[in-house]
Structure formats: structure tokens, C-alpha cells
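Everything below concerns the one structure shown next.
The values are calculated or read from the model by the stated rules, or taken from the named source; none is laboratory data. Keep in mind that this is a model prediction, so the values were computed, not measured. When we count neighbours, we look across all protein chains shown, and the Cβ atoms used for this are built from the backbone with ideal geometry, even at glycine.
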């Protein structure tokens, strides 16, 4: 798989690299991008086999919130068939391995996880990248990862886990810090199996009885913003773990995304100053992804296919960012350097963690000329 395949001829300065579930975890954790959730009951096999959505690189088939309790067994059978069909198509040459998205399942709880795993075959596991653990906390987390390690050993395969931090103990101020530190202690034990940490903005909002409107970002909702800030503080120190941003709930497919005259100013000038660009729903998503990047999130959960290319486009790195990052990483020792654009200082030691993150994002999503190219990348106008 490779990002931005819906624009195969886009003129990247540096092309994004291909990846699959066997890519080194240190790079793969940056590659997920827009991770689309869908009910486990949905038969997505035909779309995968036909490469009908070339921009979609990561999918999660859900047995939890998106799946009624009475349909969980049906969903499990559907996922078995999907995994079997994808592996068979790759082995027979019908489907290129480069066109297989990273496929995850979101379990309901540990009991359902064990039941689902009992029905898995080695053939199916070849096309399964990992498991998402909802409501991950200090009470259930160790059991989740202990069993996941057993599955890796049983199948001799790579299966990652992605904890989703979203429950009340992580939301309430009086329990948050001890809960987050306890979760980190568990994840440190199983670091090689942790691909990303995901966060539940909707669940956190529910705890406080709030919901962001289409004209607000999750960062405008103070109690949720505080939760996200503490999660970043605990888990993103020194790039310990890669965190993915929460879902944007609004969607309206724009009728046309070809700009006859591209905006004359930068993308952030439009979005952060509230100048209309596409429509309220898409502009809100783009605005929030910009703030994700500013706060250290990489990629995010999405629940609508129209969101995928917007999120992944904004994960690309501009040439100036890339050149600054390479300057910092290529400079041994300490010191202060004049930035590539002669508009900033690059201080080697404090900017190294940032540079590492930029370098890996560039490998995953590519390098583009400038901010204007974001619009070209998701609009098709070039």
C-alpha cells in the first residue's frame, strides 16, 4: 500500500514509500493516516479486491459501538470471510499485495476477543494487521496484550494492538493522571506490539455531556482538550508512542473538488481565519487536522470515506519542513542553524524530536512543494 494512490502522477518532491503490515514498526506507526471505521457486518471484500478506494490505506472492522450486540457473531463470520478472500486473492495473483490496506478489527471486550481469535486461521491472519482495544484501561489492558502476544506466537505472524483511551477514568481529573501512567506502564511492557495509541474524542465528550458543533474543533471543548493534552503529555514524550487524532463527526461530500483558481493564500490562512474553502463540514475537518499536527497527533480516525484523502493529504510534509528536518538530523552535536527559508532558527538539540517525526511523516506521506500543494493534492488540480 502507498498513500495518495488516487493521484498516481502527483509531482511529489519526495515520493511516499510503500508499506504493509510487515514494514518495520518504527515506520509503520506513522503510516496509518486516515483510519476508517465501519461495522463488522459490512461486506467490504469486493471493494478491497477491486481496489475501488485507492486512497484508503487503513480500515477497522468494528465489533463494538458500530455493531449491535445481536449481530456480533454475524460480523465475526463476515470478517473471517473477508480475511480469507483477501489472502487467497493475493496468493493467486488476483490482488497485488501493494493494494491490500492495513486491516484491523475492533473487539467488543476480552471475552469476545478470545472467541473471535479461536476462529482465526493462519491464512486469515496473514491479512490481519491487528486489534483495536476499546475502553482500554489499567483493569483490562494487560490481559488484552498478554493474549495478543500469545496469538503472535501461535500463528508466527505479526499482529499489533492499538489501545483506545476513551473511558471515564481517563476523563475525570482526579483519576486521569494515575490512570494514564498505569496504562503507560502496561504499554511499556508490550512496546513491540503497540502500533499507535488512539483517543476517543466522542466518548470523552459524552462524559461531560457536550458535543462540538461543525464550527468548532475538539480543541475548543475545554474539558476534552484537557484530556487530550494530558494524553499527549504522558505518551508522546520523546516520540515514545505515536498518537492518532479523534474522529470528526460531520460529513457532506463536496460536489466538485477541482479549483479553477486555487486560493492565492496559504491553506492555514483560509481555515484558521475562517475564510470558506470547501464547505463547513470539510473545512472543519481540515481545521482540526491542522491543529492535530500542531499538537503532535499523526493521522486520525474517520467514519466517512470522503474524509480519507483530506486527512492523508494534510499529513504530507512541505519541502521547507523537510529540508529543515534534514538539516537538523544531518548536523552532529548541538548548535543553532539558520532555517532553510531564512525565517526561523533550527536549534539542533531541542528540535531533534520534531525533525524525527517530520522525517518519518515524509516517508509515509511524501514531500510536497509548499502549502498550496495541499490543495492540489486533495483537489486534483495540478
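Pairing each residue of segment 96-114 that is in the same structural domain as residue 68 (by TED's automatic domain parsing) with any residue that is loosely packed, with under 14 Cβ neighbours inside 10 Å and not in a loop (DSSP other than H, G, I, E, B), provided the two are 6+ apart or on different chains, yields C-beta distances under 9 Å for 108/69.
Please specify each residue of segment 54-64 satisfying the condition of being farther than 19 Å from residue 75 by Cβ and touching a strand residue (DSSP E or B) at 6+ places or on another chain (Cβ under 9 Å). Talk me through it step by step, then tell me what you get.
Taking segment 54-64 as the starting set, the residues that turn out to be farther than 19 Å from residue 75 by Cβ are 54-57.
Within segment 54-64, 55, 56, 57 qualify.
Each row is one residue, and each column tells you yes or no for (1) under 23 Å from the mean Cα position of the chain (by Cα); (2) surrounded by 22 or more Cβ atoms within 10 Å (Cβ to Cβ).
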residue: 2; (1), (2): yes, no
residue: 20; (1), (2): yes, no
residue: 35; (1), (2): yes, yes
residue: 51; (1), (2): yes, no
residue: 63; (1), (2): yes, yes
residue: 66; (1), (2): yes, no
residue: 91; (1), (2): no, no
residue: 99; (1), (2): yes, no
residue: 102; (1), (2): yes, yes
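Have a look at 169, 157 and point out the one that is surrounded by 15 or more Cβ atoms within 10 Å (Cβ to Cβ), within 23 Å of the chain's Cα centre (by Cα) and farther than 17 Å from residue 61 by Cβ.
On the way: 169 fails: within 23 Å of the chain's Cα centre (by Cα).
Unique residue meeting the criteria: 157.
Restricting the search to segment 275-295, which residues are surrounded by 21 or more Cβ atoms within 10 Å (Cβ to Cβ) and under 22 Å from residue 195 (Cα atoms)? Of everything in segment 275-295, those that are surrounded by 21 or more Cβ atoms within 10 Å (Cβ to Cβ) and under 22 Å from residue 195 (Cα atoms) turn out to be 289, 292.
Listed by position, the helices (runs of 4 or more DSSP H) contained in segment 301-382 that have at least 1 residues being in contact with a strand residue (DSSP E or B) (Cβ under 6 Å, 6 or more places away or on another chain) and crowded, with 22+ Cβ neighbours inside 10 Å are 308-315, 319-330, 348-365. Check whether at least one residue in segment 160-177 is closer than 20 Å to residue 87 by Cβ and in contact (Cβ under 8 Å) with a residue 24 or more places away in the chain, and report yes or no. There is at least one residue in segment 160-177 that is closer than 20 Å to residue 87 by Cβ and in contact (Cβ under 8 Å) with a residue 24 or more places away in the chain.
Before we move on, is residue 53 closer than 22 Å to residue 314 by Cβ, in contact with a helix residue (DSSP H, G or I) (Cβ under 7 Å, 6 or more places away or on another chain), in the same structural domain as residue 81 (by TED's automatic domain parsing) and in contact (Cβ under 8 Å) with a residue 40 or more places away in the chain? Steps first, answer last, please.
On the way: closer than 22 Å to residue 314 by Cβ: yes; in contact with a helix residue (DSSP H, G or I) (Cβ under 7 Å, 6 or more places away or on another chain): yes; in the same structural domain as residue 81 (by TED's automatic domain parsing): yes; in contact (Cβ under 8 Å) with a residue 40 or more places away in the chain: yes.
It is true that residue 53 is closer than 22 Å to residue 314 by Cβ, in contact with a helix residue (DSSP H, G or I) (Cβ under 7 Å, 6 or more places away or on another chain), in the same structural domain as residue 81 (by TED's automatic domain parsing) and in contact (Cβ under 8 Å) with a residue 40 or more places away in the chain.
Here residue 59 clears all of (1) part of a strand (DSSP E or B); (2) at pLDDT below 95; (3) closer than 28 Å to residue 356 by Cα except the condition numbered (2). Residues in segment 306-351 that are at pLDDT below 90 and assigned by TED's automatic domain parsing to the domain that holds residue 54: 306 only.
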